[in-house]
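Below: the structure, in structure tokens.
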Amino acid sequence: MCHIQQGMNVRTASAHWPEYLIEAGAIGTFMVSAAAFDALFYYPASFAATAVHSELARRGAMGLAMGLTAMAIIYSRLGQRSGAHMNPAVTLAFVRLGKIARLDALAYIAAQFVGAGLGLAMVARALPGIVSDPTVNYVTTVPGSAGTTVAFAAELIISFVLMSCILYISNDRRYSAYTGLCAGVLVWLYIAVEAPLSGMSMNPARTLASALLARDFQGLWIYFVAPPLGMLASSELFVRRHGVHRVRCAKLHHPRRGPCHFACAMHAPQPSDIEIL
């Protein structure tokens, strides 16, 4: 049975350090995958880059790879333990929903920023001259040719939709097991379709890691404002429509057994499931 917290008592950082390390490792793994697949599909000397000439096909393949990476992390044993946020905007949304203590949230966010930077630095060191090549450029996310206003709006919308998907799917007992699948599919579609507008980030930690190594801070503020704003707006709308009591846990995929350090109500009786159709 999952341990259910009765209140959001302040937890010491030492109590949950394994979860913090997992969060750092999760986003670090995501960054390694992003850089490696970007090099595979865009570095000129790569066989995939020379074989696939369609930009849409490349983005589709890249999106599929990253969607599968996200799903693998979410459904992994370690991802189930930490909740697989991998994103400060997601963590902030669950703070608003009262599902994570503030000390834990601060540690999660710090771990996400550090993990993203270390992961990208590691793959850049392993693939010198490739990840830094202009065709890959440390997988930076910058506004597209349509400009900063469009990029901001795009990041706001895709972040809102992703968080809405997480909340509605994970809080319906019938479909909660598919939360990671839905998140992965959205990542795939976003990279394939939305990436030309903003680079498809939704994640301040992910964007900052790339910006620091590439020394390219173009439109950086967008990725620190739009994703948290979109996810917080989604959370607020969910609370106003269904009530905060409907949010069962801050994990994207909850294991059937084992402890949970969030304000978890996965096994608590609820009036009824959320109708998502």
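Structure data summary
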quantity	calculated
The stretch 192-220, subset part of a helix (DSSP H, G or I) and over 18 Å from the mean Cα position of the chain (by Cα), residue farthest from VAL150 (Cα to Cα)	LEU213
In the stretch 125-136, residue surrounded by the fewest Cβ atoms within 10 Å (Cβ to Cβ) [restricted to those that are more than 21 Å from ARG59 (Cα to Cα) and either in contact with a Ser or Thr (Cβ under 7 Å, 6 or more places away or on another chain) or small (Gly, Ala, Ser) (or both)]	GLY129
Residue identified as of a type in the set (D, E, K, R) and more than 21 Å from GLY28 (Cβ to Cβ) among ARG206, ARG173	ARG173
Enumeration of residues in the stretch 95-109 that are in contact (Cβ under 8 Å) with a residue 40 or more places away in the chain and either part of a helix (DSSP H, G or I) or within 20 Å of ALA211 (Cβ to Cβ) (or both)	ARG96, ARG102, LEU103, ASP104, ALA107, TYR108, ILE109
Residue satisfying all of: in the stretch 28-82; aromatic (Phe, Trp, Tyr) and assigned to a helix (DSSP H, G or I); modelled with the lowest pLDDT among these	PHE47
Residue in the stretch 83-94 that is farther than 28 Å from ARG257 by Cβ, in contact with a Leu (Cβ under 7 Å, 6 or more places away or on another chain), modelled with pLDDT of 95 or more and in a helix (DSSP H, G or I) present	yes
Looking only at the stretch 75-115, and only at residues there that are on the phi > 0 side of the Ramachandran plot and surrounded by 24 or more Cβ atoms within 10 Å (Cβ to Cβ), the one that is farthest from the chain's Cα centre (by Cα)	GLY83
Matching entry among ILE158, ILE191 (being under 19 Å from ALA39 (Cα atoms), crowded, with 21+ Cβ neighbours inside 10 Å and aliphatic (A, V, I, L, M))	ILE191
Tally, over the stretch 195-218, of residues that are crowded, with 22+ Cβ neighbours inside 10 Å and more than 20 Å from VAL32 (Cβ to Cβ)	1
Residues that are in a loop (DSSP other than H, G, I, E, B), of a type in the set (S, T, N, Q) and under 21 Å from the mean Cα position of the chain (by Cα), drawn from the stretch 132-159	THR140, THR141
Pairs with Cβ under 7 Å, 6+ apart, first in the stretch 253-265 and within 18 Å of TYR20 (Cβ to Cβ), second in a loop (DSSP other than H, G, I, E, B) and among the small types (Gly, Ala, Ser)	PHE262/GLY83; PHE262/ALA250; ALA263/GLY98
Residue, nearest to the chain's Cα centre (by Cα), within the stretch 26-55, restricted to residues that are within 20 Å of THR141 (Cα to Cα) and surrounded by fewer than 16 Cβ atoms within 10 Å (Cβ to Cβ)	GLU55
Complete set of residues in the stretch 161-182 that are in a helix (DSSP H, G or I), touching a residue at least 24 places away in the same chain (Cβ under 8 Å) and surrounded by fewer than 23 Cβ atoms within 10 Å (Cβ to Cβ)	VAL161, SER164, TYR168, ILE169, SER176, ALA177, LEU181
Residue match in the stretch 239-247 (condition: buried (at least 20 other Cβ atoms within 10 Å of the Cβ), over 25 Å from VAL139 (Cα atoms) and at pLDDT below 95)	yes
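The values are calculated or read from the model by the stated rules, or taken from the named source; none is laboratory data. Please read all numbers here as calculations on a predicted model, not as lab measurements. Because the Cβ atoms are built from the backbone with ideal geometry, glycine has one as well, and the counts that use them run over all protein chains shown.
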